[in-house]
Amino acid sequence: MLRVRGLTATYGEARVLQDVSLDVESGQVVTLVGRNGAGKTTLLRCLMGLHRSMEGTIELDDRDITRLSPHQRCRAGLGYVPDDRGIYASLNVEENLTLPPTVGPDAWSLEQVYEAFPVLADRRRQAGTHLSGGEQQMLSIARVLRMGSRLLLCDEPTEGLSPLLVQQIGDILRNVKAHGVTVLLIEQNVHFASTVADRHHLIAQGRLVESLDNAEVKEREHELLEYLGI
Amino acid sequence: MDGLLQQIFNGLVSGSFYALLALGLSVIFGMLGVVNFAHGAFYMLGAFGAFILLDSFGLSWWLALFVVPAVLGIVGMVLERTLVHRLVALDPLYNFLLTFGIALILQDLMRLRYGVQSQPFSRPELLDGSLNLGLFSYPKYQVFVLLFSIVISGLVWLVLTRTRVGMVVRAATERADLSQALGINVGRWVTPVFGFGIALAGLAGVLAAPMRAVNSSMGGDLIIVIFAVVVIGGLGSVFGSVTAGYVVGMLTAVGNFYLPALSQSLVFILMALVLLLRPAGLFGREEGVHA
Ligand SMILES: Nc1ncnc2c1ncn2[C@@H]1O[C@H](COP(=O)(O)OP(=O)(O)OP(=O)(O)O)[C@@H](O)[C@H]1O
Ligand SMILES: [Mg+2]
């Protein structure tokens with residue numbers, strides 16, 4: 001579904017991604033795992049078209065989207081859940097949900113969203129940023145589901161959340177996957193990652209260094225944790 | 001007491017102009033991050049537009065009220081597309097210099113053609129005379145300006161808070177990049193928003209023609225106060241700009257009444273106070289337009 005070839009990205013003189021090639025199969029949940037500063041967020045921003053100084057090609061379902069602007073990529077089916085959650089202070093919860101266009105046939109209706117996330121229904125008229133961190137994360141994920149995106153790009157959705165909320169996010173992601181949506185997920189918590197994902201890509205200093213399946217992650221969990229410095 | 005009330009009324013009428021101008025300036029700043037120094041010049045062009053339509057074409061002020069803002073709005077959009085747009089990605093200083101230059105050029109062009117003296121402009125017949133407001137009587141025209149500006153500000157506020165267009169503008173001004181990633185073609189909205197802000201300045205100019213001196217420097221005199229108003233209200237806050245417009249108008253008039261010596265500097269004293277106590281302005285939040 002997603003094919004990335006030879007992706008290199010720079011901030012000024014600094015090269016933060018080096019020749020990254022990555023494939024995500026349709027219907028899979030794939031994680032990017034790596035230390036702070038490894039380049040994970042930059043990779044997602046490149047995919048979304050938000051980071052412009054890059055080389056390489058990005059294909060979505062055999063269509064080259066490298067030259068498309070972010071809003072065109074969104075309409076092509078990419079659903080972005082940014083690391084800061086991207087909730088608007090000047091929009092209420094419902095406006096935050098309905099701001100983006102629907103881009104796919106499987107777009108959730110507002111009713112579906114509110115059924116799955118009752119807390120958003122209760123607070124639909126409040127400013128988006130009045131929600132708690134966990135609720136904002138739900139809102140950010142709910143937003144891309146309502147769009148009907150085919151490939152979700154989630155940047156550390158569990159960061160800073162309580163174990164209970166992390167579990168909830170896990171349920172949501174498994175549910176999303178069951179609906180046939182593909183997910184590329186940045187995740188530091190390798191144990192959590194192995195409960196939601198099919199494959200894991202290890203990223204270090206801007207390079208993809210290894211690709212593991214769940215069994216390998218379980219086997220090497222201690223080594224990975226040590227490597228990630230957690 | 002009557003004198004004070006009358007001053008307050010005068011202040012609110014001045015505030016009407018502040019509000020309309022600050023509103024446009026604020027929306028433009030929120031959406032483009034551009035401090036439009038030419039705003040006062042477009043206000044001046046609005047007043048001259050009404051004058052030219054009447055003087056050269058015999059078209060009534062009522063018609064000018066619609067035609068002039070529309071024409072200036074289009075001029076604004078062309079200006080955005082051809083010049084402002086090219087500099088948006090650079091340091092904000094470039095657009096500051098650009099719009100400052102445009103203001104000087106427009107001002108000089110009008111001076112070249114019409115000289116420095118003010119052009120005569122009489123009130124529309126329908127709004128001539130005064131209205132008895134109980135405690136004192138007040139020129140009908142001024143009452144009209146006050147009500148009209150309140151209606152326009154209210155409408156803009158409704159559009160911003162209650163419509164899809166308004167929602168998109170709020171989102172795009174709060175976080176342009178994110179809005180792009182969420183499927184909003186932000187670039188498509190920038191030009192009309194700029195044109196709209198300019199149209200509001202033109203509208204204020206048309207409203208000013210029958211009650212203020214119509215001359216080439218009328219905009220330059222006003223723009224500095226408008227900047228103070230926008231800062232007091234909170235950069236990018238529509239509600240703040242409008243409210244600050246009326247408040248500043250009123251306070252300046254009252255100050256004029258009690259402390260005539262301070263009347264010119266009162267706005268800036270107020271601005272300094274607000275900046276000290278609330279650096280983001282009275283209604284400022286993050287950068288970006290919000291209601
Ligand atoms: N705006 C920027 N300007 C310059 N360098 C940047 C910028 N943003 C990130 N970097 C650098 O690029 C590298 C990759 O950053 P990135 O945010 O992609 O890492 P990350 O893997 O997402 O880290 P984290 O786990 O902390 O979110 C880091 O070394 C970072 O310092
Ligand atoms: Mg990151």
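Charged side chains reduced to their Cβ positions (Lys and Arg at +1, Asp and Glu at -1) give the range A:2-228 a dipole of some 640 debye around its Cα centre. On the protein assembly as shown, 59 percent of the accessible area sits on carbon and sulfur atoms, based on a 1.4 Å probe.
Between B:ILE226, B:ILE150, B:ILE198, the residue with the greatest mean-square fluctuation in the GNM of chain B (Cα pairs under 10 Å linked by springs) is B:ILE150. Nearest 10 degrees is fine. How inclined is helix B:39-57 to the longest principal axis of chain B, computing both from alpha carbons? Helix B:39-57 sits at roughly 60 degrees to that axis. Averaged over the residues of B:182-192, the number of partner chain Cβ atoms lying within 10 Å of the residue Cβ comes to 5.
Our summary gives the range A:2-228 a relative contact order of 28 percent, counting only alpha carbon pairs under 8 angstrom and 6 or more residues apart.
Can you give the accessible area of B:LEU104, probe radius 1.4 Å, in Å² rounded to 10? Spelled out: B:LEU104, probe radius 1.4 Å, area about 80 Å².
Contact residues in the range B:153-177 (at least 30 Å² less accessible area with all protein chains than alone, 1.4 Å probe): B:ARG164, B:MET167, B:ARG170, B:ALA171, B:GLU174, B:ARG175, B:ASP177. For chain A, the solvent-accessible area with a 1.4 angstrom probe is 43 square angstrom per residue. Computed from Cα positions, the angle between helix B:238-258 and the longest principal axis of chain B comes to roughly 30 degrees. Give the interface area between chains A and B as buried accessible surface, both sides summed, probe 1.4 Å, in Å² to the nearest 100. Approximately 1800 Å², summed over both chains. Between amide H atoms placed 1.01 Å from N, distances below 5 Å from B:SER263 occur with no residue 5 or more places distant or on a separate chain. Taking every protein chain into account, the accessible area of the range B:102-158 amounts to 62 square angstrom per residue (probe 1.4 Å). Relative to the Cα centre, the charge distribution of the protein assembly as shown, modelled as +1 at Lys and Arg Cβ and -1 at Asp and Glu Cβ, gives a dipole magnitude of about 1340 debye.
Using θ = phi - 60° in the Karplus curve 6.51 cos²θ - 1.76 cosθ + 1.60, the 3J(HN,Hα) couplings for the range B:262-275 round to 8, 4, 6, 9, 4, 4, 6, 4, 4, 4, 4, 4, 4, 5 Hz; x is entered for Gly and Pro. The angle separating the long axis of helix B:61-79 from the principal Cα axis of greatest extent in chain B is about 30 degrees.
Interface burial in the range A:87-127 reaches 40 Å² or more for A:TYR88, A:ALA89, A:SER90, A:GLU95, A:LEU99, comparing the full protein assembly with the chain by itself; accessible area from heavy atoms with a 1.4 Å probe.
Each peptide in A:180-192, B:16-28, B:167-179 was scored by the mean count of other Cβ atoms within 10 Å over its residues; highest first, the order is B:16-28, B:167-179, A:180-192. Per-residue mean of foreign Cβ neighbours for A:41-53 is 1 (Cβ atoms of other chains, 10 Å radius). Annotation: lysines with alpha-carbon distance below 25 angstrom to A:LYS177 (same-chain offsets under eight excluded): A:LYS40, A:LYS218. For the range B:13-215, a simple Cβ point-charge model (Lys and Arg +1, Asp and Glu -1, everything else neutral) yields a dipole of about 240 debye relative to the Cα centre.
For the range B:13-215, the relative contact order works out to 47 percent when only alpha carbon pairs closer than 8 Å and six or more residues apart are counted.
The values are calculated or read from the model by the stated rules, or taken from the named source; none is laboratory data. Note that the structure is a prediction, hence the values are computed from the model and not measured. Positions of Cβ are generated from backbone atoms using ideal geometry, with glycine treated the same way; all protein chains shown enter the neighbour counts. For accessibility, only protein heavy atoms count, side chains too; no ligands or nucleic acids. Shrake-Rupley method; radii C 1.70, N 1.55, O 1.52, S 1.80 Å.
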